[in-house]
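These notes concern the structure reproduced below.
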Amino acid sequence: MTQLFMDALSPTTFDALRSRCTHHSYPANAWVLMLGHDSTSVLFVESGLLRIERPTTNGRTVLLELTGAGSTIGELGVITGEGRSANVITAEPSTVLSLRTADFLAMLDEFPDFNRYVLTSLSDRIVALTSQLIEASERSATGRVAARLIELLDRSDVRHDTTPTLALPISQAELGQWAGLSREGTAKALRELRDTGVVETGRMRMTILNPVELRELARSAGSIR
């Protein structure tokens, strides 16, 4: 799992980062970055949840990732000079720190722990993408959906010693896109989770009836290092 920027940086570096950033608060469903626009800043998510998505050639929109507090967005485009590679939209009210390109590059030179955090973050992203490719070819649809649900559960503030109910920031179809599944594959996976008593589904919510079993199914989706 990628280390959160607020945990990775020393107090001195963290204070320097905040002092050079512009603070933004967004409501749910607000556009934060747009595909193709110039990469002029790096974003550091303080709270909330953001959708990273990209339109396809047939007019559909595919959810690539959900990213939350402690994550960084847009650093690769700033480093390479390329435009934004995806749209970023808030899935819920979110607060974001925006660091201009010049300040980002200066901090890479000035603060070794900031440099190390950025390198580690990019490396972890490559590992995650590789794991998703392997997961798509080797793991069951049910395990892949379970893995995405565990990610949402771990990011939420619900108590894990109870039967947690997740307010899903995405539709079931988007959950399937995130897991790399077709609509039919997603429906089949959710039906299996319901039939085995692991989850109970509703409109934009899901009750985790058996968190231990769900986590075991998610673990079977696998990861590599």
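Here, each number is a calculation from the coordinates, and none is a lab measurement. Computed from a predicted structure; not experimentally measured. Cβ: placed from backbone, ideal geometry, glycine included. Neighbour counts: every protein chain shown.
Starting from the Kirkwood radius over alpha-carbon pairs of the chain, derive D by Stokes-Einstein at 10 °C in a medium of 1.306 mPa s and give it in µm² s⁻¹.
85
Given that compact globular proteins tend to follow 2.2 N^0.38 Å, what is the ratio of the alpha-carbon Rg of the stretch 5-132 to that value?
Values: Rg = 14.4 Å, N = 128, 2.2 N^0.38 = 13.9 Å.
Cα Rg divided by the expected 2.2 N^0.38 Å: 1.04.
Kirkwood Rh and Cα-based Rg: tell me the resulting Rg over Rh for the stretch 1-78, rounded to two decimals.
Here the Rg-to-Rh quotient is 0.99.
Give me a comma-separated list of calculated 3J(HN,Hα) values for the stretch 89-95, in order, Karplus coefficients 6.51, -1.76, 1.60 applied at θ = phi - 60°, integers in Hz, x for any Gly or Pro.
Along the stretch 89-95, the couplings run 9, 6, 8, 7, x, 9, 10 Hz.
Evaluate the charge dipole of the stretch 9-146 about its Cα centre and quote only its size in Debye, nearest 20, assuming +1 on the Cβ of each Lys and Arg and -1 on the Cβ of each Asp and Glu.
It works out to roughly 360 debye.
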